Amino acid sequence: MRSQSSRLIGVDIAALSDEDLLERVARERDAEAFEQLYSRYSRAVYSVVRRSQADHGRSEDVVQEAFTSVWRSARGYRRERGSASGWLFAIARNASADSLRARRAVTVADPPDQADPAPGPDQRTAAELEAFAVHSAVDALPQREREVIELAYFFGLSQSEVADRLSLPLGTVKTRTRSGLAHLAERLAGERVVL
Amino acid sequence: MNDETTFNEVEEMLRAAGPIETPPAHLRAAARDAALGAGDVVRLRPPVRMDGRVARVLLAAAVLTASALTALVIGVGGSRLTIEHHINLSGAPSAAAASAVIDVGAADGAVRPLVLHVSRLAPAPKGAYYELWMQTGAGDPTGMVAFNTDSGGGVVAQTTMPADMGWSRCWVTLESADGHRSTVLRVA
């Protein structure tokens with residue numbers, strides 16, 4: 001089994017970059033590298049899919065389809081064209097769009113009289129891409145930093161409330177929050193999408 | 001750009017992104033099987049086939065468990081089920097961003113499976129937990145399953161209910177350590 005052979009020759013899969021993992025999937029059909037990509041990106045991919053799919057069961061099917069595409073299409077990834085994270089986002093979004101297209105009846109409506117005030121497709125894509133980058137960066141944080149960041153910023157808990165829920169001293173929560181933000185800033189440098 | 005400005009920008013991005021949704025645990029194996037083909041997957045244990053008598057005893061125990069007990073369930077996965085109904089729940093004012101879907105499966109003998117998918121519900125405070133309730137007509141509410149969410153606000157909790165049990169109300173409460181109870185999710 002390839003995943004065993006990668007251990008035998010001393011490759012630490014968890015330490016590889018996303019790009020290296022994709023190359024291992026493409027060239028060596030490395031199942032362990034694929035599993036590592038799933039661990040790193042399954043929550044971010046699922047979150048992107050859930051934005052457009054109302055149904056949980058269908059979301060699961062789309063995530064499954066997206067990771068099947070990762071396995072099948074890894075050879076098409078080119079490092080020089082962009083990050084693995086961006087490529088995975090495109091795969092997830094395409095899988096979701098394909099699923100919606102397959103279910104939607106084609107209707108031709110009259111053009112609206114007024115411009116739609118909702119964000120246009122480019123803005124929506126930019127927001128989804130940014131959210132994907134943020135979610136995958138949060139998932140890459142050490143557990144002790146990830147939990148305080150999620151509780152504070154995704155649920156709006158105060159630092160005292162976070163300390164209470166995690167049974168930690170307030171000072172520890174503050175330290176972990178700051179350290180988590182620093183790691184995120186490093187990882188998200190240049191990710192802000194402005195249209 | 002100084003640290004504070006950078007941190008402020010990261011904080012803004014975090015708030016704009018919103019909570020991460022956690023996929024059910026069983027999806028990992030399903031995605032791997034779908035991508036690599038089931039033939040490539042090493043099965044650590046052969047599937048266990050139960051003898052009919054043992055299965056009936058276990059089903060009876062499951063009925064009792066579903067109606068009388070609650071279990072703490074965190075991130076339980078399972079195989080895909082044939083879904084007969086979806087029940088959509090939305091957040092009460094104290095948990096406005098939260099939502100949940102209950103997939104009610106087809107009856108399997110005396111019981112039917114229920115899978116509760118919760119999103120964006122903050123983990124319960126220390127010593128507290130969440131509980132799913134169902135009520136039939138004027139009967140007493142039945143606690144179906146107790147659970148907590150992860151730091152991303154998600155969980156998939158699985159339980160069973162008697163196949164012939166109906167329900168007219170369905171909701172999720174936060175059960176506090178001091179005995180206080182408040183509704184956090186109700187039928188949308």
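Couple of notes before you dig in:
- Selection from region B:90-149 of residues that are under 10 Å from the mean Cα position of the chain (by Cα), buried (at least 22 other Cβ atoms within 10 Å of the Cβ), within 12 Å of chain A (Cβ to nearest Cβ) and not charged (D, E, K, R): B:Ala100, B:Ile102, B:Val115, B:Leu116, B:His117, B:Val118, B:Ser119, B:Thr149
- The condition of being in a strand (DSSP E or B) and among the hydrophobic types (A, V, I, L, M, F, W, C) holds for only one of B:Leu121, B:Leu174, that being B:Leu174.
- Put simply, of A:Glu23, A:Glu35, A:Glu65 the only residue that is of a type in the set (D, E, K, R), free of Cβ contacts under 8 Å to residues at least 60 places away in the same chain, at the interface with another protein chain (Cβ under 10 Å from one of its Cβ atoms) and within 22 Å of A:Ala137 (Cα to Cα) is A:Glu35.
- Annotation note: of B:Thr82, B:Thr22, B:Thr70, the sole residue that is away from every other protein chain (no Cβ under 12 Å) and either modelled with pLDDT under 85 or closer than 30 Å to A:Arg29 by Cα (or both) is B:Thr70.
- Test: residue in region B:43-60 that is among the hydrophobic types (A, V, I, L, M, F, W, C) and modelled with pLDDT of 85 or more: no
- Check on A:Asp122, more than 11 Å from chain B (Cβ to nearest Cβ), modelled with pLDDT under 90 and outside any loop (DSSP other than H, G, I, E, B): yes
The values are calculated or read from the model by the stated rules, or taken from the named source; none is laboratory data. All of these numbers come straight from a predicted model, not from anything done at the bench. Because the Cβ atoms are built from the backbone with ideal geometry, glycine has one as well, and the counts that use them run over all protein chains shown.
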